[in-house]
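Notes to accompany the following structure.
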Number of protein chains: 2
Amino acid sequence: MAQNMLLYWGTGSPPCWRLMIALEEKQLQGYKHKLLSFDKKEHQSPEVKALNPRAQLPTFKHGEIVVNESFAACLYLESVFKSQGTRLIPDNPAEMALVYQRMFETENLQQKMYEVAFYDWLVPEGERLESALKRNKEKLIEELKLWEGYLEKMGKGSYLAGKNFSMADVVCFPVIAYFPRLQCPKERCPRLMEYYEMVKDRPSIKASWPPEWLEKPVGEDILKSL
Amino acid sequence: MAQNMLLYWGTGSPPCWRLMIALEEKQLQGYKHKLLSFDKKEHQSPEVKALNPRAQLPTFKHGEIVVNESFAACLYLESVFKSQGTRLIPDNPAEMALVYQRMFETENLQQKMYEVAFYDWLVPEGERLESALKRNKEKLIEELKLWEGYLEKMGKGSYLAGKNFSMADVVCFPVIAYFPRLQCPKERCPRLMEYYEMVKDRPSIKASWPPEWLEKPVGEDILKSL
């Protein structure tokens with residue numbers, strides 16, 4: 001069924017990874033894909049730009065339909081393949097509201113993680129300031145506290161938006177996975193790390209695990225001082 | 001029907017405004033609401049924090065269901081009141097994909113607009129750099145070019161994701177409205193300004209127009225030099 005799908009992706013990119021988790025959860029294995037190198041700037045190649053004027057990954061095509069923003073592609077797959085694989089957006093209004101809420105809060109966590117972990121990559125050399133990085137770290141710590149509170153309130157064994165694995169987990173897990181990888185102290189987010197341990201071996205996540213993370217299971221210690 | 005809804009909002013905030021447009025489009029008038037002042041930090045009041053640990057606006061409650069992220073609340077309303085008012089997410093997969101795509105691209109436009117228009121508010125005084133603001137402006141100009149291209153391709157009289165007003169318009173219009181208000185030169189985005197003129201008198205948008213913008217129709221000239 002997924003042979004008419006084409007994905008251009010980069011390894012370790014949370015936006016790519018979440019779309020790959022969604023494809024697995026919706027039982028859309030067997031799609032065509034091409035792994036591109038950010039370092040070699042392959043995402044800026046003409047073949048990507050032809051489908052994605054932003055020249056970003058993921059770039060995703062289903063038949064003649066192109067949908068590149070990772071959240072957009074995940075929602076599209078859930079809508080079009082609603083009754084196939086895992087139901088990622090529940091029908092029950094209260095459950096649905098929480099899934100959407102946590103799904104969109106993920107952008108806060110992602111942005112704040114990037115602004116610490118990838119500060120040197122985001123800010124040109126002459127403009128880097130200790131004071132800004134310090135503030136970014138404080139904001140990230142505050143953000144983690146929010147998520148810790150959410151998980152604490154939901155209780156042990158809960159997913160991000162309740163008892164069932166949902167779109168909130170699909171979009172957020174690849175962001176959360178950066179905390180242990182970049183050696184964030186476990187005390188900063190013990191509940192999130194419990195959640196990480198619970199979810200990391202889920203088949204959809206194992207099947208889409210970044211290949212470079214398999215080769216090199218421990219990343220740089222960028223978050224060690226958080 | 002909307003009497004069991006409660007909205008805390010701030011005037012001129014794109015996230016608040018988009019939720020108010022969605023409420024109008026879904027014929028959910030008559031909701032309870034409370035206008036809070038960002039300047040007086042009323043969004044950090046205990047009544048907001050009780051519903052929203054981020055202490056942000058919008059803060060939105062439907063019965064006992066709380067959903068605060070503006071995109072999340074808009075999608076929630078569309079799902080729960082699918083057959084009421086305007087259909088904002090089409091069933092047709094190709095149309096749906098484009099609506100989701102432009103909806104999520106809006107976050108790029110919003111972020112890049114903020115990083116120019118609200119630079120002094122986002123960056124503490126000692127950390128402001130001409131070079132950073134200049135780069136932010138260049139990024140915003142590039143972003144505007146993308147949207148100009150989209151509208152150019154779709155043709156005159158088109159909405160952001162096709163022939164029909166959709167969720168893409170709901171979430172993006174409040175961002176686009178900042179360009180004429182902050183005196184962005186029309187030549188920077190002539191197609192977007194045509195779109196703005198076409199959409200600004202739509203009933204849902206007029207009904208939710210920021211009250212301070214009615215009192216003071218022209219804002220600061222922050223984008224004049226773009």
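The values are calculated or read from the model by the stated rules, or taken from the named source; none is laboratory data. Everything quoted here is computed from the prediction, not taken from an experiment. Here Cβ is always computed from backbone atoms with ideal geometry, including for glycine, and neighbour counts include all displayed protein chains. Side chains included, ligands, DNA and RNA excluded: accessible areas come from the protein's heavy atoms. Shrake-Rupley method; radii C 1.70, N 1.55, O 1.52, S 1.80 Å.
Of all the listed residues (B:Glu148, B:Glu138, B:Glu143), the sole one being out of contact with any helix residue (DSSP H, G or I) (no Cβ under 7 Å at 6 or more places or on another chain), of a type in the set (Asp, Glu) and within 14 Å of chain A (Cβ to nearest Cβ) is B:Glu138. If the condition is being open to solvent by 60 Å² or more (accessible area, probe 1.4 Å) and not hydrophobic (A, V, I, L, M, F, W, C), then segment A:184-201 contributes A:Lys186, A:Glu187, A:Arg188, A:Arg191, A:Glu194, A:Glu197, A:Asp201.
For B:Val80, the conditions (1) more than 8 Å from chain A (Cβ to nearest Cβ); (2) out of contact with any Phe, Trp or Tyr (no Cβ under 9 Å at 6 or more places or on another chain); (3) modelled with pLDDT of 95 or more all hold with the exception of (1). What do you reckon, is B:Gln111 polar (S, T, N, Q), closer than 30 Å to A:His62 by Cα and under 17 Å from the mean Cα position of the chain (by Cα)? For B:Gln111, the condition - polar (S, T, N, Q), closer than 30 Å to A:His62 by Cα and under 17 Å from the mean Cα position of the chain (by Cα) - is met. Of the strands (runs of 3 or more DSSP E) contained entirely in segment B:1-85, those carrying at least 2 residues that are open to solvent by 30 Å² or more (accessible area, probe 1.4 Å) and not basic (Lys, Arg) fall at B:32-35.
Taking the residues in segment B:90-107 that are surrounded by fewer than 22 Cβ atoms within 10 Å (Cβ to Cβ), more than 8 Å from chain A (Cβ to nearest Cβ) and not charged (D, E, K, R) as candidates, determine which candidate is farthest from B:Leu19 (Cα to Cα). Only one residue tops the list, namely B:Asn92.
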